[in-house]
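In what follows, a single structure is set out as structure tokens and then discussed.
The values are calculated or read from the model by the stated rules, or taken from the named source; none is laboratory data. These numbers were taken from a predicted model, which means no experiment stands behind them. Virtual Cβ from ideal backbone geometry, glycine too; neighbours counted across all protein chains shown. Surface accessibility is based on the protein's heavy atoms, side chains included, excluding ligands, DNA and RNA. Shrake-Rupley method; radii C 1.70, N 1.55, O 1.52, S 1.80 Å.
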Amino acid sequence: MILKALHITWKTPQVPVSFAKIIHYSDSYRHSHMIASETLARLEFEKLLAEIARHAHSESSADKILAIRPGNDLAALQDTSARIAEIRSLKRSGIALSLSSFEDIRPALELLRPAGAFLAPQELLLFIPVLRLYAAISRQFAHREDITALKGIIPNLKGFPEILEPIESSIDHDGSILDSASTLLRETRRAKRALAGRIRKKIEEIIRSSGIEIFLQDDFITQRSGRWVIPVRMDSKGMVKGVVHDVSSSGETAFMEPLEIIPFVNELENLAADEKAEEIRILRQLSGWLREDAAEITACFGTLLQLDILNSMACFAEEFDLEPARLNDHGELRLVDARHPLLMMMQKRGALARVEPLGLHLGGDPGERISTVQANPDSVMVITGPNAGGKTIALKTAGMLSLMALCGLPVPAGPRSTFPLLETLLVDIGDEQSIEQSHSTFSAQAARISAILGQAGARSLVLLDELGAGTEPLQGAAIACGVLKELQRQGSMVIATTHLTEIIGFVHRSGGMINAGMEFDDRSFTPLYRLIVGEPGQSHAVEIARRFGMPEGVISFARQMLGSAGSEFTALLAELRQRRSEYEELKKSIETRESALEARRIELDVRVADLERLRRETAEKAWGDARELISTTRRKMNELLAELKKEKRSEIIDKLRRAEVELTEQIKPRAESPELLPLASARPGDAVHIRSLGYDGVVLSTDDRHAKARVRAGRIEIDVPLADLSLPQSTAGHARKKAPAGSWRFDIEESDQRELKLIGLRVDEALTLLEPFISHAAAAGLGEVRVIHGIGTGRLREAVREELKRHPLVQGQRAGEPHEGRDGATVVTLRN
């Protein structure tokens, strides 16, 4: 979601802004500073951002991450969540965003604003990795259809090959300008190298030919101030013709340029000047191209930052297996299996063995809540329990996860968790007594809570730690109850911790408020860090003090001071815990039974599916066998018909037709009736109903070993599984209805039935109609008939003509004439 419509100017203020503002820079985030920096600091939000920033590929991205602040625009936050989810989906498919380290190019682009300004090679070098990333990500996104949210970031990244390629061919990795930057530069440098070689050879010739070797301090040739010199002893410099350009630090060596090479060196300096001028021209040209596209390059850099920030968030979410945050606008906070992210980081480093999950539910419209047992949802929760039992961690977990959700970040909680869109998150955690301002613990807390009461409202989440502490318990409890009542009246959601039992009783009696406690092991006197909603906790101060070495006398006296009231309260809580434990055991037992029943239901569903599959397979096999029998029978009948036609024995022809129709009727599959009675056993001679075929028959023999029976259905015999047999329909109370004609049945008039229309039928259906049509036409003495099959894809036409070619009663065939349907019909000539 980041930077959906970011319009970067030449100078962007580097100040902390809300993440929502980073995303859109629109007026809809004018309230993004709804949560004070002090609140973020108390909840240690900056530590979380620092952990996310570790995954960034540039300092600019890391700075943006550290400047993230919560927002309250639901659509913008959902965009962020969707984009993070798309990056995570790519990662799980083995595809990572094409990101690598890059630097901020915006200061360099700022330097290009004045006309004629140009960048140094090291500054131009910064653009190469950035422009490469533009091109790589642009290619990566181009043809993907599963990242619509990421592709919705404006502007879309694009490559700048017309700028990247010249920079790559001009600037080396160390910031030097390459010879390939231009032809003139390459030729000038070649001339320089050649002339430098000539100068070195000339100096060597001078030394050898003029006999000045004896005056040299050393035998090397070097340069001073760009001039070629030789080291001459100071006392012999008058013996060598040349110009002194430098003296050694010891004063014993003069570096002299021989007079004979001065023209050559002057020429070399001219070439160096030409080289410098060409380098400046190249830098100006490259800088000019950057200046032309500066606005677009800067905007794309904003998109690159967005993608790097989103990728950092996705990497963090994958590292800790976080879930996308579900936001709601009806003021409901529900945490399911929630964990504090900083504790998860400690666990990963080995500092913690386990992080106990947290679950709680506050606020929301009754119609929106999963559980609607309570007509008025609780909006105030007071947590009690022992010191170091996890009360403050529960507060911070609720606060931290709410902040993450309001930044569009995935959260360490179950998928059923949901978070409200807040206008304010108000926190009072920690002791801020001040010597300078003469504030005690209580007065400092009173001042903070007074400020909270002035800021809280209907879209506020208030977290109060150790409410009512720091003063006389009865008065502190009374003030605390008044604070809770006022916050509830204002419509705020409140989570508070306390040790005062008077507050527990007030919450228990007040509608819309609920007690909760941190679970404690009464046998080992150790906290379990689990929040139990609906049941107050105990401080267990006496037991904890004893465990940490408090003298027994002190412990006994403390118990006497507590008196019977404290004992009764403790006993009541113990009884509540016992009942809760029993209910939990009962719940587990019910869940186990439900799981077993569900497994049994699934098993039965599988068995039913297997039986249905077996029934279908049996029916298909029987139908296939029947069709094969019919096909064989028809061919034999066709031969008989051909012979009988010559003898004009019409009575036999009619009988054969009736036998064909009867056979077809008896083997045609029918829809089975759900009311058929099962067959207890089968013996030869029994009347039975074949369920897969839908017809009655008579058992001829049985095969108990293979659980099969030989059954006659009409004039055919077939092997059928015993499980496929039932009582005949007449026995089951079903009146036998005359079945409709088979798929190939039609009335044949010997004089005028000359056409068969097969258009719209499948190949197997058409061939089933074709054979009896030809046979009956031949029996009727017709010489020529027409089969109309249409054109279509041509499959039906080819199948019909292939079948006609093999038919013994067909003498020939041809495509139809124009008045006969052309290639959409086949005219068949029958044998006489």
Glu269 - would you say it is of a type in the set (D, E, K, R), closer than 30 Å to Gly175 by Cβ and surrounded by fewer than 14 Cβ atoms within 10 Å (Cβ to Cβ)? yes
Consider Leu614 carefully, then state whether it is modelled with pLDDT of 75 or more, part of a helix (DSSP H, G or I), surrounded by fewer than 11 Cβ atoms within 10 Å (Cβ to Cβ) and not aromatic (Phe, Trp, Tyr). no
If you go through region 751-773 one residue at a time, do you hit one that is surrounded by 14 or more Cβ atoms within 10 Å (Cβ to Cβ), more than 13 Å from Gly824 (Cβ to Cβ) and among the basic types (Lys, Arg)? yes
Search result, residues across region 805-827 that are open to solvent by less than 20 Å² (accessible area, probe 1.4 Å) and either part of a loop (DSSP other than H, G, I, E, B) or in contact with a Ser or Thr (Cβ under 8 Å, 6 or more places away or on another chain) (or both): His807, Leu809, Val810, Gly816
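Matching residues to (1) crowded, with 19+ Cβ neighbours inside 10 Å; (2) among the hydrophobic types (A, V, I, L, M, F, W, C); (3) in contact with a Cys (Cβ under 7 Å, 6 or more places away or on another chain):
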residue: Ala56; (1), (2), (3): yes, yes, no
residue: Glu59; (1), (2), (3): no, no, no
residue: Lys64; (1), (2), (3): yes, no, no
residue: Ala67; (1), (2), (3): no, yes, no
residue: Asp73; (1), (2), (3): yes, no, no
residue: Ala76; (1), (2), (3): yes, yes, no
residue: Ala82; (1), (2), (3): no, yes, no
residue: Ser89; (1), (2), (3): no, no, no
Picked from region 287-302 (must be within 15 Å of Ile154 (Cβ to Cβ) and of a type outside the set (A, V, I, L, M)), the residue most open to solvent (accessible area, probe 1.4 Å) is Glu296
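Confirm whether Asp219 is part of a loop (DSSP other than H, G, I, E, B), open to solvent by 70 Å² or more (accessible area, probe 1.4 Å) and among the charged types (D, E, K, R).
Yes: the conditions hold for Asp219.
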Looking at (1) closer than 26 Å to Pro420 by Cβ; (2) over 44 Å from the mean Cα position of the chain (by Cα); (3) among the polar types (S, T, N, Q), which is the only condition Thr501 fails? (1)
Considering region 344-361 alone, what residues qualify as being more than 23 Å from the chain's Cα centre (by Cα), open to solvent by less than 40 Å² (accessible area, probe 1.4 Å) and hydrophobic (A, V, I, L, M, F, W, C)? Val355, Leu358, Leu360
Across region 471-489, which residue is surrounded by the most Cβ atoms within 10 Å (Cβ to Cβ) among those that are more than 16 Å from His499 (Cα to Cα) and in contact (Cβ under 8 Å) with a residue 40 or more places away in the chain? Leu487
Being more than 45 Å from the chain's Cα centre (by Cα), under 30 Å from Leu259 (Cα atoms) and not aromatic (Phe, Trp, Tyr), is that true of even one residue in region 168-182? no
From Gly537, Gly553, Gly549, residue being in a loop (DSSP other than H, G, I, E, B), open to solvent by 20 Å² or more (accessible area, probe 1.4 Å) and either farther than 21 Å from Leu461 by Cα or touching an Asp or Glu at 6+ places or on another chain (Cβ under 7 Å) (or both): Gly549
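Of these, Ala780, Ala799, which one is closer than 17 Å to Arg814 by Cα and out of contact with any strand residue (DSSP E or B) (no Cβ under 9 Å at 6 or more places or on another chain)?
Ala799
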In this structure, is Ile261 touching a Lys or Arg at 6+ places or on another chain (Cβ under 9 Å), part of a helix (DSSP H, G or I) and crowded, with 17+ Cβ neighbours inside 10 Å? yes
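I need the full set of residues from region 405-424 which are in contact with a strand residue (DSSP E or B) (Cβ under 8 Å, 6 or more places away or on another chain), aliphatic (A, V, I, L, M) and in a loop (DSSP other than H, G, I, E, B), in order please.
Residues satisfying the conditions are Leu406, Ala413, Leu421, Leu422.
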Pair list, Cβ < 7 Å and 6+ apart or interchain, from region 263-280 residues that are more than 14 Å from Gly226 (Cα to Cα) to residues that are surrounded by 13 or more Cβ atoms within 10 Å (Cβ to Cβ) and of a type outside the set (Val, Ile, Thr): Glu275/Leu185; Glu275/Arg189; Glu275/Lys192; Glu278/Ser182; Glu278/Leu184; Glu278/Leu185; Glu279/Leu185
Contact list please: Cβ distance under 6 Å, first residue in region 442-460 and in contact (Cβ under 8 Å) with a residue 60 or more places away in the chain, second residue part of a loop (DSSP other than H, G, I, E, B), pairs at least six apart or on different chains. Ala458/Gly491; Arg459/Leu422; Arg459/Glu423
Reported set for region 446-484 where residues are hydroxyl-bearing (Ser, Thr, Tyr) and under 45 Å from the mean Cα position of the chain (by Cα) is Ser450, Ser460
Just checking, how many residues over region 109-130 are over 18 Å from Ser170 (Cα atoms), assigned to a helix (DSSP H, G or I) and either in contact with a helix residue (DSSP H, G or I) (Cβ under 6 Å, 6 or more places away or on another chain) or open to solvent by less than 30 Å² (accessible area, probe 1.4 Å) (or both)? 1
Of the listed residues (Ile514, Ile504, Ile495), the one being at pLDDT 95 or above and not in a loop (DSSP other than H, G, I, E, B) is Ile495
If you go through region 303-337, how many residues are surrounded by fewer than 22 Cβ atoms within 10 Å (Cβ to Cβ), over 20 Å from the mean Cα position of the chain (by Cα) and assigned to a helix (DSSP H, G or I)? 0
Among the residues of region 435-470, count how many are at pLDDT 90 or above, among the polar types (S, T, N, Q) and open to solvent by 40 Å² or more (accessible area, probe 1.4 Å). 2
Residues (in contact with a helix residue (DSSP H, G or I) (Cβ under 6 Å, 6 or more places away or on another chain) and either over 20 Å from Ile393 (Cβ atoms) or free of Cβ contacts under 8 Å to residues at least 24 places away in the same chain (or both)) located in region 34-59: Leu49, Ile52, Ala53, His55, Ala56, His57
If we keep only residues of region 670-713 that are at pLDDT below 60 and open to solvent by less than 60 Å² (accessible area, probe 1.4 Å), then the residue nearest to the chain's Cα centre (by Cα) is Ser673
